[in-house]
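The values are calculated or read from the model by the stated rules, or taken from the named source; none is laboratory data. Here the structure is a predicted model, which means the values were calculated and not measured. Neighbour counts run over all protein chains shown; Cβ positions are idealised from the backbone, glycine included. We work out accessible area using only protein heavy atoms, side chains counted, and drop any ligands, DNA or RNA first. Shrake-Rupley method; radii C 1.70, N 1.55, O 1.52, S 1.80 Å.
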Amino acid sequence: MTIDELKESLLAAPKNGYTKLSAQERENMETYCKGYAAFMDACKTEREATAWTVAAAENHGFKALVPGMKLNPGDKVYFNNRGKSIVLAVMGSESLNNGANICAAHVDSPRIDIKPNPLYEDSEIAYLKTHYYGGVKKYQWPTIALALHGVIYRKDGSVVTVTIGEDDSDPILVISDLLPHLAADQMQKTASQVIAGEQLNVIMGSEPLEGEGSDLVKLHIMKLLNEKYGIIESDFLSAELTLVPAGKCREVGLDRSLLGAYGHDDRVCAYAEIVPLLTMGTPKHTAVCILADKEEIGSVGISGMQSYYFETFMQDLCDATGASLNRCLENSFCLSADVSNAFDPNFPETCDKRNNSQLNYGVAICKYTGSRGKGGASDASAEAMGHVRTTLDNANVTWQIATLGKVDQGGGGTVAAYMANRNIVTVDAGVPVLCMHAPMEIVSKYDCYMTMKACEAIYLA
């Protein structure tokens, strides 16, 4: 054999996905990404993503799972976990004793949460006190347009939904920063100290009510909130309110090959899981989609992946079909669908380029995440990686390998470890992202589309 023939037969030679994208596939990709952009515009919190998914599922014939109901191949069911996470399934032709094919993503993203007693006035400016959620660079959040999303349980027990800052006619909210002319001391601080957590206070207004007394600006803001939502100050105690970047998902670059939005991590993988499940026929193995909450703070809490709600859902499926939960879990496979860091040539020193994902090379398969000595990783086996590789190749899905930066640079995690702890074979895979955890993240349309195709292939394996 010639040198060229040996290279072709023996060496890996990844290529940019656009070099092999047919006209039909490009059209399919653009259609998919338009739907994804609309999803992102409608879903900036885990509650909004869960509500959107419930509506989409019911429109495609899914029914709420009721304990004790009987299920047949092809039946479509879901469980809405308190409005903050959701699990869906399409029943397969084989027994659940033979396992399920699972795709698990999360629908929470780093953000700025409102404290329980937030509203105050200082120097005749009204503010809300905040507490950041997840891993953020705090200095990225001042001086950008913010919107307020969430729900408030009022004193009378009724619930109101809050969205301020997304409509063109709405006011936006902003966290202030120090002008450079007076920032000599600030500029000497490290990046983590430039803006302190307690300085992330959002401006609510500055006009006082007419009259005498103190806190007249605060009172004015409270009056406006009462007129619009019927709330009083103590109702903040029973509210879930969060600040997210205002604005829509936008195409990035003159060639429109990229998408910029808040919250690609990890709703880009959540949408990739949902779309193929909605229109699926009867698969061989039951197909299960998980959209979890609280991943950004350790998957804890009643709506996180460490919660028992997943076992409850799977137990109900097994009870409905006469299968064993333990047999089901040990024979199942899970694709932990979460994003990876795309190689950024502006910061090449942070990554091992030979093992890092990059834009336009397809869905990124990650054998392990974790930190430094693989701390916190599930570390998929050779057999698990082989299953994914073969499944994606057979489905003509473009894929690449990913690791989370250089060994001693840092690291992170996904829900993979919690799925593996349940005796489920699990592998991480997802969309490469630039500017991860920033108010605007960037992904490739091609990688988004290939991740959806990868989820579909796993469901049907």
Complete set of residues in segment 277-306 that are open to solvent by less than 10 Å² (accessible area, probe 1.4 Å) and either more than 14 Å from the chain's Cα centre (by Cα) or among the small types (Gly, Ala, Ser) (or both): LEU277, PRO283, THR286, ALA287, VAL288, ALA292, SER299, SER303, GLY304
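Select from segment 108-121 the residues that are within 23 Å of the chain's Cα centre (by Cα) and either under 18 Å from ALA461 (Cα atoms) or open to solvent by 10 Å² or more (accessible area, probe 1.4 Å) (or both) and list them in ascending order.
ARG111, ASP113, ILE114, LYS115
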Residues located in segment 1-29, provided they are of a type in the set (Lys, Arg), within 24 Å of ALA342 (Cα to Cα) and part of a helix (DSSP H, G or I): LYS20, ARG26
Every residue from segment 369-409 that is over 24 Å from GLU330 (Cα atoms) and either in a helix (DSSP H, G or I) or among the basic types (Lys, Arg) (or both): ARG372, ASP393, ASN394, LYS406
Residues within segment 134-190 that are among the aromatic types (Phe, Trp, Tyr) and open to solvent by 50 Å² or more (accessible area, probe 1.4 Å), tallied: 2
Qualifying residue in segment 88-107 (condition: polar (S, T, N, Q), crowded, with 17+ Cβ neighbours inside 10 Å and touching an Asp or Glu at 6+ places or on another chain (Cβ under 6 Å)): no
Selection status of CYS334, in a helix (DSSP H, G or I) and within 30 Å of ALA64 (Cβ to Cβ): no
Pair list, Cβ under 9 Å, 6 or more apart: segment 333-356 residue closer than 20 Å to THR451 by Cα and of a type in the set (Val, Ile, Thr), other residue open to solvent by 40 Å² or more (accessible area, probe 1.4 Å) and outside any helix (DSSP H, G or I): VAL339/MET436
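For every residue, the table says whether it meets (1) aliphatic (A, V, I, L, M); (2) modelled with pLDDT of 90 or more.
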| site | (1), (2) |
| --- | --- |
| ASN360 | no, yes |
| ASP379 | no, no |
| ALA382 | yes, yes |
| GLY386 | no, yes |
| ILE401 | yes, yes |
| GLN409 | no, no |
| THR426 | no, yes |
Any pair with Cβ under 6 angstrom, 6 or more apart, that starts in segment 1-17 at a residue that is open to solvent by less than 70 Å² (accessible area, probe 1.4 Å) and ends at one that is β-branched (Val, Ile, Thr): GLY17/THR398
Failed item in (1) part of a loop (DSSP other than H, G, I, E, B); (2) out of contact with any Pro (no Cβ under 7 Å at 6 or more places or on another chain); (3) under 17 Å from LEU128 (Cβ atoms), with ASP177 passing the rest: (2)
Residue match in segment 197-210 (condition: in a loop (DSSP other than H, G, I, E, B), open to solvent by less than 80 Å² (accessible area, probe 1.4 Å) and of a type in the set (Asp, Glu)): no
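Listed here are the residues, each with its yes/no results for (1) within 18 Å of the chain's Cα centre (by Cα); (2) within 16 Å of PHE313 (Cα to Cα); (3) among the aliphatic types (A, V, I, L, M).
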position: PHE79; (1), (2), (3): no, yes, no
position: SER85; (1), (2), (3): yes, yes, no
position: GLY99; (1), (2), (3): no, yes, no
position: SER123; (1), (2), (3): no, no, no
position: ALA145; (1), (2), (3): no, no, yes
position: VAL151; (1), (2), (3): no, no, yes
position: THR163; (1), (2), (3): no, no, no
Strands (runs of 3 or more DSSP E) fully within segment 30-132 counting 2 or more residues that are closer than 30 Å to ASP447 by Cα, at pLDDT 95 or above and aromatic (Phe, Trp, Tyr): 76-81
Top-ranked residue in segment 244-264 [being in a loop (DSSP other than H, G, I, E, B) and small (Gly, Ala, Ser); ranked as nearest to ILE172 (Cα to Cα)]: ALA246
Answer residue from segment 410-433, given it is in a strand (DSSP E or B), of a type in the set (A, V, I, L, M) and out of contact with any Leu (no Cβ under 7 Å at 6 or more places or on another chain) and is surrounded by the fewest Cβ atoms within 10 Å (Cβ to Cβ) among those: VAL425
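Conditions (1) out of contact with any Asp or Glu (no Cβ under 9 Å at 6 or more places or on another chain); (2) in contact (Cβ under 8 Å) with a residue 12 or more places away in the chain; (3) buried (at least 18 other Cβ atoms within 10 Å of the Cβ), marked per residue:
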| position | (1), (2), (3) |
| --- | --- |
| THR19 | yes, no, no |
| ARG26 | yes, no, no |
| GLY35 | yes, yes, no |
| ASP41 | no, yes, no |
| THR50 | no, yes, yes |
Residue identified as under 22 Å from LYS284 (Cα atoms), open to solvent by less than 30 Å² (accessible area, probe 1.4 Å) and either in a loop (DSSP other than H, G, I, E, B) or aromatic (Phe, Trp, Tyr) (or both) among TYR459, TYR449: TYR459
Meets criteria (touching a helix residue (DSSP H, G or I) at 6+ places or on another chain (Cβ under 9 Å), farther than 30 Å from GLY301 by Cα and crowded, with 19+ Cβ neighbours inside 10 Å) for MET436: no
